[in-house]
Amino acid sequence: DQQVKQNSPSLSVQEGRISILNCDYTNSMFDYFLWYKKYPAEGPTFLISISSIKDKNEDGRFTVFLNKSAKHLSLHIVPSQPGDSAVYFCAASGSGTSYGKLTFGQGTILTVHP
Amino acid sequence: DGGITQSPKYLFRKEGQNVTLSCEQNLNHDAMYWYRQDPGQGLRLIYYSQIVNDFQKGDIAEGYSVSREKKESFPLTVTSAQKNPTAFYLCASSRARGGQPQHFGDGTRLSIL
């Protein structure tokens with residue numbers, strides 16, 4: 001049972017345009033969401049997060065939107081740069097788990113073309 | 001420079017052998033985690049530890065064992081009971097119980113000869 005899903009395995013975008021990565025979840029106990037970026041043969045790097053009490057969080061070129069009623073979140077990257085090419089994972093955590101377990105989506109490969 | 005060090009980066013194991021993956025952190029984090037990544041899949045939690053001398057099973061603990069004798073170290077042993085050990089293993093840590101975000105090491109790729 002996949003509680004966090006990233007339905008697009010890949011996304012290709014032109015440099016300077018917007019990249020939108022999507023993530024859906026099914027567990028209503030999730031209340032904290034994170035996006036990680038991962039290069040091949042490296043560990044994931046934390047990008048940005050959002051608590052369920054918010055619907056938007058911004059950090060530079062990165063913005064995460066949360067739609068609780070739809071159980072959907074998205075990561076917007078504006079403008080996209082070739083260095084943004086990587087695998088992006090969304091992850092979710094619930095207050096009901098005392099140990100902060102993260103449940104990850106399958107990842108989306110983003111390719112930004114010059 | 002604080003961070004998480006995983007070693008070795010690549011590891012080969014013969015069938016029937018146990019192998020131990022190292023994870024060391026100098027971030028002074030209380031909590032540490034082990035994840036496994038398979039191609040086309042997200043990360044899945046193997047074991048976690050919130051404090052020294054204590055650890056708990058994650059979602060896919062069968063065939064694995066851990067120890068937490070020091071705050072800085074959380075080694076993972078892949079035993080011969082693990083039927084499909086070939087994967088990319090990632091260690092993570094966070095400041096406190098349930099703390100986010102988790103910070104990751106660069107991983108160890110384990111392959112079976």
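Legend: residue pairs A:LYS5/A:LYS56; A:LYS38/B:LYS83; A:LYS68/B:LYS71; A:LYS68/B:LYS83, Cα-Cα distance threshold 29 Å; pairs beyond threshold, A:LYS68/B:LYS71; A:LYS68/B:LYS83.
The alpha carbon centroids of the stretch B:47-84 and the stretch A:1-79 are separated by 29 Å. Of the residues A:GLY105, A:PRO9, A:GLY60, the one whose Cα sits farthest towards the positive end of the charge dipole of chain A is A:GLY105 (charges of +1 on Lys and Arg Cβ, -1 on Asp and Glu Cβ, taken about the Cα centre). When the alpha carbon gyration tensor of chain A is reduced to an equivalent ellipsoid, its three semi-axes come out at 23, 15, 12 angstrom, largest first. Comparing the full protein assembly with the isolated chain (1.4 Å probe, heavy atoms, ligands and nucleic acids excluded), the residues of the stretch B:32-67 losing at least 30 square angstrom of accessible area are B:TYR35, B:GLN37, B:GLY42, B:LEU43, B:LEU45, B:TYR48, B:ASP59.
The spread of Cα positions in the stretch B:63-104, taken along each principal axis and listed from longest to shortest, comes to 33, 22, 14 Å.
The values are calculated or read from the model by the stated rules, or taken from the named source; none is laboratory data. These figures come from a predicted structure and were not determined experimentally. Neighbour counts are summed over all protein chains in view; Cβ atoms, including those assigned to glycine, are modelled from backbone coordinates with ideal geometry. Quick note on the areas: whole protein, heavy atoms, side chains included, nothing else; ligands and nucleic acids left out. Shrake-Rupley method; radii C 1.70, N 1.55, O 1.52, S 1.80 Å.
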